[in-house]
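Contents: one structure, followed by commentary.
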Amino acid sequence: MLKRHFLDMYDFNCWGRDRMLDTAETLTAEQFDEETRFPFHTIKETLVHTMSAEHTYRMRCQLQPNKGLETSDFPDLTSIRTYWIDEEQKMRKYLSGIDESDLAESVRYKASSGEEFVRTRLVL
């Protein structure tokens, strides 16, 4: 039951991501890279930050090293969308292979600051 709930939450997350990307497609290139009041400066940087957080979450759950994603690796919205869809496929493959007990296990990782954390997979 916990896994089904988690999968439903991930489906909802992907729905929201698609809405953000579809809305971003209505922007001009200048608007996409324009300085905003967002903490990550531009819409492009905000999208890459959000995508990087999802990527990092999966990598931590899989006990893989990770350094995050760089905005400079994504020249435009198409490259962001392509990467994010690929990331979704990787997450869905990972999720298809886990069971309820895996979700309750703890994961140890280091944040980019070097600080160590121990978290339960479900609440990373």
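The values are calculated or read from the model by the stated rules, or taken from the named source; none is laboratory data. Source: prediction; values computed, not measured. For neighbour counting, all protein chains shown are included, and Cβ atoms are generated from backbone atoms with ideal geometry for every residue, glycine included. Each accessible area value is taken on the protein alone, full model and side chains, heavy atoms only, with ligands, DNA and RNA left out. Shrake-Rupley method; radii C 1.70, N 1.55, O 1.52, S 1.80 Å.
Any idea what the relative contact order of the chain is, in percent, if you count C-alpha pairs under 8 Å spaced at least 6 apart? Each step should come with its number before you reach the end.
Details: 95 pairs, mean separation 27.0, N = 124.
RCO, the chain: 22 percent.
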| Taking amide H positions as placed 1.01 Å from N in the peptide plane, with prolines and chain starts having none, which residues 5 or more places from T42, or on another chain, fall under 5 Å of its amide H? | T36
| message | With a 10 Å cut-off between alpha carbons and a GNM built on the chain, which of L77, L21, L63 moves the most? | response | L63
| task | Any chance you could look up the accessible area of I43 with a 1.4 Å probe, heavy atoms only, rounded to 10 Å²? | result | 40
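What is the range 8-79 by shape, rounded, prolate or oblate, if you read a ≥ b ≥ c off the alpha carbon gyration tensor as root eigenvalues and call it rounded for a/c under 1.5, prolate for a/b larger than b/c, and oblate otherwise? Please report the intermediate quantities before stating the final value.
Working: a/c = 2.29, a/b = 1.44, b/c = 1.59.
Since a/c reaches 1.5 but b/c is at least a/b, the shape of the range 8-79 is classed as oblate.
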| task | Please give the FRET efficiency for S79 paired with F40, using the beta carbon to beta carbon distance and R0 = 22 Å, rounded to the nearest 0.05. | result | 0.85
| remark: Labelled set [x] 45, 34, 29; [y] 47, 32, 22; [z] 46, 34, 32; Cα extents along the principal axes in Å computed from this model equals the value at [y]
| To the nearest 10 square angstrom, what accessible area does R19 show with a 1.4 Å probe? | 140
| Projected label distance in nm at K93 and F6, using a 7 Å step from Cα toward the beta-carbon | 1.8
| query | Top to bottom by accessible area (1.4 Å), largest first, where do M20, M59 land? | reply | M20, M59
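Leaving ligands, DNA and RNA out of it, report the carbon-plus-sulfur percent of the accessible area of the chain at a 1.4 Å probe.
Result for the chain: 55 percent of the exposed heavy-atom area is carbon or sulfur.
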